[in-house]
1. If you take the residues of the stretch 226-277 that are farther than 30 Å from Thr207 by Cα and β-branched (Val, Ile, Thr), which of them is surrounded by the fewest Cβ atoms within 10 Å (Cβ to Cβ)?
2. Restricting the first residue to the stretch 99-111 and requiring it to be within 18 Å of His69 (Cα to Cα) and of a type outside the set (Asp, Glu), which pairs with a second residue that is surrounded by 12 or more Cβ atoms within 10 Å (Cβ to Cβ) and at pLDDT 95 or above meet a Cβ separation below 6 Å and a spacing of at least six or different chains?
3. Could you count how many residues in the stretch 46-69 are in a loop (DSSP other than H, G, I, E, B) and crowded, with 20+ Cβ neighbours inside 10 Å?
4. Taking the criterion of being within 21 Å of Gly159 (Cβ to Cβ), surrounded by 16 or more Cβ atoms within 10 Å (Cβ to Cβ) and at pLDDT 95 or above, would at least one residue in the stretch 109-116 satisfy it?
5. Within the stretch 185-194, does at least one residue satisfy the condition of being surrounded by fewer than 20 Cβ atoms within 10 Å (Cβ to Cβ) and aliphatic (A, V, I, L, M)?
6. Taking Glu94 as the residue in question, decide whether it is within 17 Å of the chain's Cα centre (by Cα), under 18 Å from Thr147 (Cα atoms) and surrounded by fewer than 24 Cβ atoms within 10 Å (Cβ to Cβ).
7. Here are some residues: Ser119, Ser89. Which one is of a type in the set (Gly, Ala, Ser) and either farther than 17 Å from Thr147 by Cβ or over 20 Å from the mean Cα position of the chain (by Cα) (or both)?
Amino acid sequence: MIKYRTKNVSIFQSVLYKTTSLVIQTDECILVVDPNLLPDEVLEIRQHVDKIKEDKPIYLIFTHSDWDHIVGFGAFQDATVIAHEVFDSKENKEEILNQILQFDDQYYLDRNYPILYPSVDIPVHEDGQVLQIGKTKLTFYKAEGHTDDGIFVVVEPLGIWIAGDYLSDVEFPFINDNSKNYEKTIGKTDRILGSHIINLLVPGHGTATNIKEEIIFRKVLSYRYIQELRNAINDKLDHEFLIQGYKYKHDQIGSHLENAALIKKELQTDSQQIQKR
């Protein structure tokens, strides 16, 4: 599973959806991000953590509440959980857990840990919020748009940007919350690059990068996709061409059409509000 490894960082990638999990080892703690996805893959991550953790505390970061990102929580119940403040108050927790159970039933999968929705110990309330663990500094940014409970995390002094389901090289924006919020989130790219020395960007799906120009390129592609989709819908034009450059477009077309339906609804709402004025 390990696609990238240094003394301090191990990036695991599932065979499904190229979903990434991250384990960061510092002098003070072990950081685990979104452990996933298949039972044996979660076990491999847990075994790696047990091998390196010694007596260090484990902090478990969830970038958002999508089922494929929280599926491994049951194997890390000894960890301190960090997530967006909305993550803890979601009204559809049972629905998210049922998605995991349905997935496991579909493929006859058995897990050696319980399927549980995480309780948050350290909620992220605002951009720039900091958690200092010895010399390890975590700076948080709200990352809404894909979901309403996403976060970015910058880990210093290593310079690692944990991006969740944004800035991927294999996915266009999947907008389950709000397209304008999504634009605000990727708009934080310049602020983060300007405020931190970023040595590695790790997206929730796809390939990590240590190239600043690549990060900016991914931001621009995301902006362009949303803006061109919005324009196409507004002008009643075909828009499926917007995902032609993506390798897995035959499956991702469903997500694209969901984006289109959401943005169409947003445009209608905006138009109605303008008429009321």
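1. Ile274
2. Short answer, once both residue conditions are applied: Gln99/Trp67; Ile100/Trp67; Ile100/Val71; Ile100/Ile115; Leu109/Pro39; Arg111/Pro39.
3. Residues that pass the stated criteria total 5.
4. no
5. yes
6. no
7. None of the other options fit; the residue is Ser119.
The values are calculated or read from the model by the stated rules, or taken from the named source; none is laboratory data. Predicted model only: the values in this text are computed from it and were never measured. Cβ atoms come from the backbone with ideal geometry, glycine included; neighbour counts cover every protein chain shown.
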